[in-house]
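Following: one structure in structure tokens, then a few remarks.
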Amino acid sequence: MTVMLSALAVGPVLPDEDMALLRRIGGEFLEMPDLTLTAAEASRLFALELTRCRRILERLVARGILSSDGRYFARAGTGRRYV
């Protein structure tokens, strides 16, 4: 898991708080491979404002940690057809 989480550090420099959120949310999806959430569901689960949560989820998609069909977010590479 440490190897995959190191991919979270790639890219533009982020505020420490956003970096911590990337690690935390990315780690949750890595620990639970079947976890599939909408941005609204993730916002409630992680106690974040919706816009901020969506931004974090989109960054995780851009970094290849998550995949998305535009509505749902799931761990990348799980072989799902719908996400």
The listed residue being out of contact with any Gly (no Cβ under 7 Å at 6 or more places or on another chain) and in a loop (DSSP other than H, G, I, E, B), out of Gly27, Gly64: Gly64
Report whether or not Glu31 is out of contact with any Cys (no Cβ under 8 Å at 6 or more places or on another chain) and surrounded by 12 or more Cβ atoms within 10 Å (Cβ to Cβ). no
State all residues of region 34-61 that are more than 12 Å from the chain's Cα centre (by Cα) and in a loop (DSSP other than H, G, I, E, B); if no residue qualifies, say none. Asp34, Ala47, Leu48, Glu49
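Each reported figure results from applying straightforward, stated rules to the coordinates on display, with no laboratory input. Just so it is clear, the model here is predicted, and its values are computed rather than measured. As a convention, Cβ positions derive from the backbone with ideal geometry for all residues, glycine included, and neighbour counts pool all protein chains shown.
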